[in-house]
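What follows is a single structure, written as structure tokens, with notes after it.
Every read-out reported here was derived from the displayed coordinates using simple, explicitly stated rules and does not represent laboratory data. Being a predicted model, the structure only gives us computed values, none of them experimental. Here the Cβ positions follow ideal geometry from the backbone for every residue, glycine too, while neighbour counts run over all protein chains shown.
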Amino acid sequence: MKTETIAIHAGNYTDASTGAVVQPIVLSTTFERNVDGSFREGYIYSRSANPNRTSLEKVLTQLEGGADAAAFSSGNAAGMAVFQSLRPGTHIIAPDDMYHGLRNQLKTLFANILEFDFIDVDNTEVLNAHIKPNTGLIWLETPSNPLLKITDIKKVVAIARKHKIKIACDNTFATPICQQPLALGVDIVMHSTTKYFGGHSDLMGGALITAEKNDCWQKIRQVQEMGGAIPSPADCYYLVRSIKTLPYRMRGHVHNAQLLAEYLQKHPKVEQVLYPGLPSHPNHKIAKEQMTGFGGVLSFCLKDGREEANRVINKLQLFTRATSLGGVESLIEHRATVEGSDTKTPFNLLRVSVGLEHIDDLVADLEQALL
Ligand SMILES: *Cc1c(COP(=O)(O)O)cnc(C)c1O
């Protein structure tokens with residue numbers, strides 16, 4: 001089946017008892033046992049499994065082309081489950097432009113438990129130089145947040161395989177509509193489903209999708225069930241509902257982001273536009289090879305620095321000044337001040353989550369703000 005069909009049907013079943021076409025939300029935390037002690041549908045207690053979570057995990061598995069998926073209460077909880085599944089003392093190689101929330105998680109919560117290096121993972125020489133005997137995981141994020149860096153997934157997979165290192169990829173910016181890392185050899189895909197999957201800036205969630213149901217996956221399942229950072233049945237329901245339109249929403253985000261990037265690139269006040277869909281992007285060729293769309297987020301730098309960035313962001317009418325991304329409404333943020341004191345993000349950079357408004361209205365708003 002094709003993506004659009006999977007998105008609509010994989011996560012839903014017609015309710016057997018009522019014939020309801022849309023799967024109901026099962027709020028019950030506990031499930032009745034049969035007289036012989038068995039459980040009717042295998043459900044026991046909602047922390048371990050819930051029908052709405054099962055549906056969500058099913059559609060996520062199929063969209064990413066994996067063997068199984070585990071849903072979490074946030075993207076950070078999903079990332080944390082991967083780190084918690086590693087043996088203490090394991091060395092992780094992570095990108096220098098890793099999502100700041102996960103970078104801070106490693107540096108704060110795992111400081112004495114795991115070893116890590118934040119490097120330019122796309123640079124083969126640098127990557128090889130950082131591989132150690134205890135390296136157990138290479139973490140990728142492509143496109144990256146907020147610099148829209150592209151990592152050549154196949155190239156890193158080949159290096160990881162040679163050294164028997166697991167490889168995980170944060171696919172939040174691309175979604176499986178634009179990029180399927182498991183098909184390129186990645187072991188685990190991670191998502192903040194808060195973003196494009198939810199798509200309406202009204203729920204938090206995270207997910208992991210595995211290529212294989214192996215020992216590593218068993219550990220991750222244990223972290224999910226025993227750790228308990230699970231999404232509520234209602235959040236699972238809303239995610240399954242939103243995923244039905246994901247393929248069409250992504251098309252709109254990609255379309256608008258490309259046009260907005262091209263508009264900004266020609267603007268005399270703009271120093272640089274970071275978007276993998278532009279031929280000027282240093283890894284545009286790789287992006288074209290491994291992606292079927294370039295995503296809906298772009299960053300741009302203003303020639304006149306931070307003051308000008310502040311002026312522009314405050315003059316915009318349609319773009320909301322807020323963090324996060326992936327919703328139907330366009331958002332813009334001054335990223336460096338969100339990331340905190342150890343940020344490497346330039347101070348003249350603005351990150352845009354391009355929404356699904358009409359592109360003419362988005363361009364017109366930027367035009368008046370940049371005057
Ligand atoms: C938002 C985000 C996360 C974290 O997800 P939460 O749902 O906010 O916990 C991780 N990675 C990327 C790329 C993100 O944009």
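Values computed for the structure shown
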read-out	value
Charge dipole of the range 3-243 about the Cα centre (unit charges at C-beta), most positive-ward option of GLY42, ILE131, MET190	ILE131
Vicinal HN-Hα couplings computed from phi for the range 186-203 (Karplus, 6.51 cos²θ - 1.76 cosθ + 1.60; Hz; Gly/Pro x)	6, 7, 9, 9, 10, 9, 8, 6, 4, 8, 5, 4, x, x, 10, 6, 10, 8
Among ASN214, PRO233, VAL121 the positive-end extreme of the charge dipole of the range 3-243 (Cβ point charges)	ASN214
Stretchable slack from MET226 to LYS162, in nm (0.36 nm times residue separation minus alpha-carbon distance)	19.7 nm
Under 13 Å, Cβ to Cβ, from SER17 - net charge with Lys/Arg +1 and Asp/Glu -1	-1
32 Å Cα-Cα threshold exceeded, pairs from LYS58/LYS164; LYS2/LYS288; LYS58/LYS132; LYS58/LYS266	LYS58/LYS132; LYS58/LYS266
Cα gyration tensor category, rounded, prolate or oblate, for the chain with a/c compared to 1.5	oblate
Filtered trypsin sites (Lys or Arg not before Pro), the range 147-245: DSSP coil and at most 12 other beta carbons within 10 Å	LYS164, LYS213
Amide H within-cut-off set for ILE25, under 5 Å, with H built and near neighbours excluded	none
Pairwise centroid distance, computed over Cα atoms, of the range 206-246 with the range 101-142, Å	24 Å
Unit charges on C-beta of K, R, D, E only; dipole of the chain, Debye	540 debye
DSSP-defined antiparallel bridges as percent of all bridges, the range 3-243, nearest 5	45 percent
Label-point separation in nm, VAL328 to LYS266, each point 7 Å along Cα→Cβ	3.0 nm
Paramagnetic reach from THR320 (point 7 Å along Cα→Cβ, amide N under 17 Å) across the range 184-210	194-205
5 angstrom amide H check on ILE167, placed H, neighbours 5+ away	ILE138, ASP187, ILE188
Gain upon complete extension [LYS154, LYS107; 0.36 nm per residue less C-alpha separation]	14.2 nm
Cβ-derived FRET efficiency at R0 25 Å, MET1 paired with GLU289, nearest 0.05	0.50
Nearby aspartates and glutamates by direct alpha-carbon distance to LYS269 (threshold 14 angstrom, same-chain neighbours under 8 apart not counted)	ASP304, GLU307, GLU308, GLU367
ASP68 long-range amide H proximity, modeled H, under 5 Å	THR210
Percentage relative contact order, the chain, counting C-alpha pairs under 8 Å, at least six apart	17 percent
Per-peptide average of other Cβ atoms within 10 Å, ordering 348-358, 42-52, 135-145 highest first	135-145, 348-358, 42-52
Rounded Å value of the spacing that divides the Cα centres of the range 29-67 and the range 1-17	16 Å
15 Å reach of a label modelled at ALA16, 7 Å along Cα-to-Cβ, counting backbone N of the range 230-273	none
Candidate aspartates and glutamates - alpha carbon under 12 Å from LYS244, same-chain residues fewer than 8 apart omitted	GLU4
Förster radius 30 Å - calculated FRET efficiency between ARG33 and HIS9 (Cβ-Cβ, nearest 0.05)	0.45
For the range 357-370, Karplus couplings with θ = phi - 60° (6.51, -1.76, 1.60), whole Hz, Gly/Pro x	5, 5, 4, 4, 5, 5, 5, 4, 5, 5, 4, 6, 6, 7
